[in-house]
Amino acid sequence: MSARSLFEIATGIEHKARRTFQPVRRNSYHAGAREGRFWRPVNPKDKWAHIRAAEAYDRQRKQAGKRNGPLGHIALELLRELYRIVDYKTGRLEPSIDYLMRQLRRSRAAIVQAMARLREHGFLEWIRRTEPTGNEGFGPQVRQITNAYRFCLPAAARRIVDRIVGKGPVPADDLHRRETAAREMEAMLASLPADRRMHAMIDDETLAATLGRIGLLLESNASSPSSQNPGMDI
């Protein structure tokens with residue numbers, strides 16, 4: 001008689017064959033079964049563009065009076081950490097929640113909720129995974145292990161990335177703002193005396209001072225009724 005049968009006799013509990021008492025989450029897959037099709041290489045040059053896009057996405061959708069946008073600062077911290085540890089060549093990304101808690105100094109609930117927000121808004125995907133326990137006979141045959149994660153981008157964030165890396169057109173309102181700012185800057189500089197104008201345009205103090213003196217002398221000469229140029233003391 002098997003140990004399982006003895007257990008059933010002693011306790012009066014009948015275990016149906018379909019029950020395995022495996023503490024695993026629904027829709028979990030054995031490690032190695034799907035990662036090859038799930039993970040994809042990550043271009044390291046896109047790292048900061050993607051992070052900035054997520055920050056812009058969160059900022060643009062923040063409601064008035066709210067402290068955070070739909071992602072929140074913890075989710076943005078988490079995204080930066082995930083981009084730090086991903087294997088860019090293969091896309092392999094499988095940190096444990098405990099590891100992320102230690103790195104970000106956040107609670108388990110905070111990490112889990114931040115991940116949920118990243119997935120809800122289209123910045124992160126994952127598959128749940130299991131592995132054999134090695135138990136023989138009665139007892140769990142598999143156990144839950146870390147998820148496999150991969151990055152993704154919602155359409156709104158993709159448009160932001162394209163603008164950052166120069167693949168997309170500048171929005172009309174942004175282009176108008178830049179042109180207006182350029183005209184205002186040009187008018188402001190034109191209104192300044194030559195010496196102050198040079199200091200506003202040139203970081204090198206010595207060069208700005210020299211060019212400023214030349215400019216003042218030229219302006220003085222241009223406004224003088226005499227046809228002779230005044231001597232320049234440079």
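The values are calculated or read from the model by the stated rules, or taken from the named source; none is laboratory data. None of these values were measured; they are calculated from a predicted model. All Cβ positions, glycine included, derive from the backbone under ideal geometry; neighbour counts span all protein chains shown.
Observations, loosely collected:
This table checks each residue for (1) modelled with pLDDT of 75 or more; (2) in the same structural domain as LEU79 (by TED's automatic domain parsing).
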{"residue": "ILE160", "(1), (2)": "yes, yes"}
{"residue": "ARG183", "(1), (2)": "no, no"}
{"residue": "ALA190", "(1), (2)": "no, no"}
{"residue": "ARG197", "(1), (2)": "no, no"}
{"residue": "ASP203", "(1), (2)": "no, no"}
{"residue": "LEU218", "(1), (2)": "yes, no"}
{"residue": "GLN228", "(1), (2)": "no, no"}
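- ASP87 under 17 Å from LEU124 (Cα atoms), assigned to a loop (DSSP other than H, G, I, E, B) and not basic (Lys, Arg): yes
- Look at region 124-144: where a residue is on the phi > 0 side of the Ramachandran plot and a partner is modelled with pLDDT under 75 and basic (Lys, Arg), sitting 6+ places away or on another chain with Cβ atoms under 7 Å, you get GLY137/ARG4.
- Filtered by the rule that a residue be surrounded by fewer than 16 Cβ atoms within 10 Å (Cβ to Cβ) and either closer than 23 Å to ALA31 by Cβ or outside the structural domain of GLY36 (by TED's automatic domain parsing) (or both), region 104-121 gives ARG108, VAL112, ALA116, ARG119.
- Look at (1) crowded, with 16+ Cβ neighbours inside 10 Å; (2) closer than 24 Å to GLU35 by Cβ; (3) at pLDDT 95 or above and you find that VAL142 fails only one, number (3).
- Failed condition for ASP46, given (1) at pLDDT below 95; (2) not in a helix (DSSP H, G or I): (2)
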